[in-house]
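Participant: This is the structure I have questions about; it appears just below.
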Amino acid sequence: MTDPNNIALEALRNAIKLAPDNQELIDHLGRTLLALLRASEAAEVYRSALERHTGSLLLQLGLAESYWKSGKLSHALAIVETLIRGAKPDARAWVLHARLMQAEGDIRAATASYREGMELDPQLADSELESLLGLDLSFEDSEPPKLARNAWDQEEIDEPESEELAEIERPTITFNDVGGMDSVKEDIRVKIIYPMQHSEMFAAYGKRAGGGILMYGPPGCGKTLIARATAGEVHSRFMAIGINEVLDMYVGNSEKNLHALFEQARRNRPCVLFFDEVDALGASRSDMRRTGGRHLINQFLAELDGAQSDNEGLLCLGATNAPWHLDHAFKRPGRFDRMIFVPPPDEPARAEILTMALKGKPQQGIELAKVTAKTKDFSGADLHAIVDVAVEAKLFEAIKTGKPKPITTQDLIAAAKNHRATTLDWFAAARNHAIYSNEGGQYDPILQYLGVKR
C-alpha cells in the first residue's frame with residue numbers, strides 16, 4: 001500500500017522543481033520532513049536550496065533546526081551563532097539558540113538568548129522551554145525573579161567572587177610553532193613585539209609599548225594560536241577572554257566584569273589580553289535596541305583608552321569572523337587601530353600543518369605537495385579534520401581485516417574530496433562587505449585574496 005506521506009512529499013518536490021525560487025515552498029517541504037522525524041532528509045533539502053539561495057534566513061533557520069533534530073548540535077550552533085551576530089538578528093534565531101544552549105546544558109546562555117528573542121517577538125514564547133529554563137517571564141525583565149535574586153545574593157554572601165576572573169597563562173609557543181602566516185607575524189612584530197623588545201628606542205620617539213590589533217578572517221585559520229604565540233615571543237603573560245567571562249544577565253555586571261579583567265591584566269604586566277569573538281562584545285551601537293549593550297561598549301572603549309588607568313605594557317588583541325559588525329569606534333587610533341587579515345594557510349603552511357597533524361600517526365610515503373594542491377582554501381581546522389577522517393577510515397578497515405595499515409597520500413586526498421572547505425561560506429559573505437562596505441580600503445586584503453579588482 002502506498003504511503004500517503006510519501007505521495008505528499010513527492011508532490012511537494014515536483015512543485016519545487018516547477019518553482020525553484022519559492023523559498024516558502026522549500027521550507028514547507030523541510031518542515032514536513034521534520035514533522036515526520038526525517039531530519040537528515042530535511043537537512044539535505046535545506047543544504048541543496050542554500051546553494052541556490054545563499055544567505056536566506058528562512059533556509060538557514062530550517063537547516064539549523066534540521067541539524068539540531070538530527071543530533072548535530074555543533075553544526076546547528078555554527079549557523080545560529082552567525083545569525084545572532086548579524087546586524088539585525090531575527091527573534092527566531094535567538095529562540096533556536098536558546099534551545100540549543102539548553103540542550104548543551106548551558107542554562108545561563110539559553111536564558112539570555114530566550115529573553116532576547118522574547119523582546120523581539122513575544123509571540124514565539126515556548127512554555128516548554130521556559131519550564132526547562134526555570135523562567136517566569138511575568139516578572140519585569142530588569143528584575144530577576146525573587147527566588148533567583150535571593151539565591152544570587154546568598155551566593156555573594158557565602159562565596160565572595162574572586163578578583164581573578166581569568167586564568168593567567170605563560171605560553172611557551174612562539175612564531176616558530178605557527179605554520180606559515182608570515183605577513184601576519186610581521187605585522188604583529190612591528191606593532192607589538194619590536195616596541196616591547198626595544199622599548200628605549202621607541203621611547204626616544206615618544207612611542208609607548210602597547211596598543212591593539214584586530215585579527216579577522218574565516219574561522220579555524222589560527223587567530224587564537226597566533227595570539228598565544230605573540231605572548232610567547234615577548235615572554236609575557238597571556239589572558240584569553242571569552243564572552244562568557246564578560247557577559248552577565250544582570251544589569252551592570254558585564255561592565256564590572258570587563259573592568260575587573262582589564263585590572264587583572266594591568267596587575268600582571270606585561271600582558272597580552274586576547275578577546276576572542278570580540279564582535280560579540282563590541283557590536284555596532286547603531287544596530288542595538290537596548291541600552292545595556294551600549295553601556296558595555298562604552299566601558300570597553302574606556303578601558304582600551306586607559307581613561308582612568310595606565311595601559312603601558314598592556315597589549316590588546318582581538319579576533320573576529322565578522323569585523324563589519326564591530327562598532328567603528330573600536331577601530332580608532334589607540335584602540336584596535338590595526339586590522340590584520342588572517343587568510344587560510346597557503347601551500348607551504350598547509351604542508352606544515354599537515355606534518356604536525358600527522359605526527360605520531362602511522363604513515364607511508366605521503367607526498368604533501370599532492371595533498372596541499374587539493375586543499376586550496378582549507379583552514380587549519382579543515383586540514384586536521386581530513387587527517388581525522390583518514391585515520392577513522394584506516395581504523396575501520398583495520399577492525400574489519402585485523403591488519404592495521406599506514407595512512408597514504410591517496411587516503412588524505414580521498415578525505416579532502418569529501419570535505420568542503422569551511423572558509424567558502426565565510427568568503428561568500430565577506431566578498432559583499434569588501435565590495436560594497438569597504439570604507440578606506442580596510443577590506444582590500446579580502447579582495448586581493450579572492451583576486452577581485454575594485
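Participant: Let me confirm something: among K361, K370, which residue is open to solvent by 10 Å² or more (accessible area, probe 1.4 Å), free of Cβ contacts under 8 Å to residues at least 60 places away in the same chain, part of a helix (DSSP H, G or I) and farther than 29 Å from M239 by Cα? Steps first, please.
Facilitator: Details: K361 fails: part of a helix (DSSP H, G or I).
Exactly one residue qualifies, and that residue is K370.
Participant: Which one is most open to solvent (accessible area, probe 1.4 Å) among residues in segment 400-424 that are part of a helix (DSSP H, G or I) and at pLDDT below 90? Give the steps one after another, and end with the answer.
Facilitator: Filtering segment 400-424 for residues part of a helix (DSSP H, G or I) gives 400-401, 409-417, 423-424.
Add one more test, that the residue is at pLDDT below 90, and what stays is 400-401.
Working: K400: 151, T401: 81 Å².
Here the answer is K400.
Let's see how each residue does on (1) without any contact (Cβ under 8 Å) to a residue 60 or more places away in the chain; (2) within 24 Å of S309 (Cβ to Cβ); (3) not small (G, A, S):
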{"residue": "N176", "(1), (2), (3)": "yes, no, yes"}
{"residue": "M181", "(1), (2), (3)": "no, no, yes"}
{"residue": "D187", "(1), (2), (3)": "no, no, yes"}
{"residue": "H198", "(1), (2), (3)": "yes, no, yes"}
{"residue": "L214", "(1), (2), (3)": "no, yes, yes"}
{"residue": "G220", "(1), (2), (3)": "no, no, no"}
{"residue": "H235", "(1), (2), (3)": "yes, yes, yes"}
{"residue": "L247", "(1), (2), (3)": "no, yes, yes"}
{"residue": "S254", "(1), (2), (3)": "yes, yes, no"}
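Participant: Is it true that S66 is more than 27 Å from V278 (Cα to Cα) and open to solvent by 50 Å² or more (accessible area, probe 1.4 Å)?
Facilitator: Against the criterion (more than 27 Å from V278 (Cα to Cα) and open to solvent by 50 Å² or more (accessible area, probe 1.4 Å)), S66 does not qualify.
Participant: Having 3 or more residues that are aliphatic (A, V, I, L, M) and under 24 Å from P219 (Cα atoms) is the bar; report the helices (runs of 4 or more DSSP H) wholly within segment 1-109 that clear it.
Facilitator: On the way: elements: 4-18, 23-35, 39-52, 57-69, 73-84, 91-104.
In segment 1-109, 39-52, 57-69, 73-84, 91-104 are the helices (runs of 4 or more DSSP H) which contain 3 or more residues that are aliphatic (A, V, I, L, M) and under 24 Å from P219 (Cα atoms).
Participant: Residues in segment 377-394: is at least one open to solvent by 40 Å² or more (accessible area, probe 1.4 Å), part of a loop (DSSP other than H, G, I, E, B) and over 30 Å from L317 (Cα atoms)?
Facilitator: No: zero hits.
Participant: Hey, another quick one. I'd like the full set of residues that are modelled with pLDDT of 90 or more and touching a strand residue (DSSP E or B) at 6+ places or on another chain (Cβ under 9 Å), limited to segment 203-222.
Facilitator: L214, M215, Y216, G217
Participant: Looking only at residues that are modelled with pLDDT under 80, open to solvent by 30 Å² or more (accessible area, probe 1.4 Å) and not charged (D, E, K, R) in segment 301-351, which one is nearest to T230 (Cα to Cα)?
Facilitator: Taking the candidates together, the pick is G334.
Participant: With respect to R289, determine if the residue is charged (D, E, K, R) and modelled with pLDDT of 80 or more. Write out each step before concluding.
Facilitator: Numbers: charged (D, E, K, R): yes; modelled with pLDDT of 80 or more: no.
In short, no.
Participant: Could I ask something else about it? For segment 274-282, check the following and say yes or no: at least one residue is at pLDDT 90 or above, in contact with a strand residue (DSSP E or B) (Cβ under 6 Å, 6 or more places away or on another chain) and either among the charged types (D, E, K, R) or on the phi < 0 side of the Ramachandran plot (or both).
Facilitator: Looking for residues that are at pLDDT 90 or above, in contact with a strand residue (DSSP E or B) (Cβ under 6 Å, 6 or more places away or on another chain) and either among the charged types (D, E, K, R) or on the phi < 0 side of the Ramachandran plot (or both), one finds at least one in segment 274-282, hence yes.
Participant: Which residue pairs have Cβ atoms closer than 7 Å, lie 6 or more positions apart in sequence or on different chains, and pair a first residue in segment 294-307 that is under 15 Å from V246 (Cα atoms) and in contact (Cβ under 8 Å) with a residue 40 or more places away in the chain with a second residue that is part of a helix (DSSP H, G or I) and of a type in the set (S, T, N, Q)?
Facilitator: Pairs found: L296/S254.
Participant: To continue, here is another question. Within segment 244-273, restricting attention to residues that are farther than 18 Å from A329 by Cβ and of a type in the set (D, E), which residue is modelled with the lowest pLDDT?
Facilitator: Taking the candidates together, the pick is D248.
Participant: Have a look at D90, D121 and point out the one that is surrounded by fewer than 18 Cβ atoms within 10 Å (Cβ to Cβ), closer than 15 Å to L57 by Cβ, of a type in the set (D, E, K, R) and modelled with pLDDT of 85 or more. Please lay out each step first, then the result.
Facilitator: Working: D90 fails: surrounded by fewer than 18 Cβ atoms within 10 Å (Cβ to Cβ).
Result: D121 is the single residue among D90, D121 that is surrounded by fewer than 18 Cβ atoms within 10 Å (Cβ to Cβ), closer than 15 Å to L57 by Cβ, of a type in the set (D, E, K, R) and modelled with pLDDT of 85 or more.
The values are calculated or read from the model by the stated rules, or taken from the named source; none is laboratory data. Quantities reported herein were computed from a predicted structural model and do not represent experimental measurements. Here the Cβ is made from the backbone with ideal geometry for all residues, glycine too, and neighbour counts use every protein chain on show. Side chains included, ligands, DNA and RNA excluded: accessible areas come from the protein's heavy atoms. Shrake-Rupley method; radii C 1.70, N 1.55, O 1.52, S 1.80 Å.
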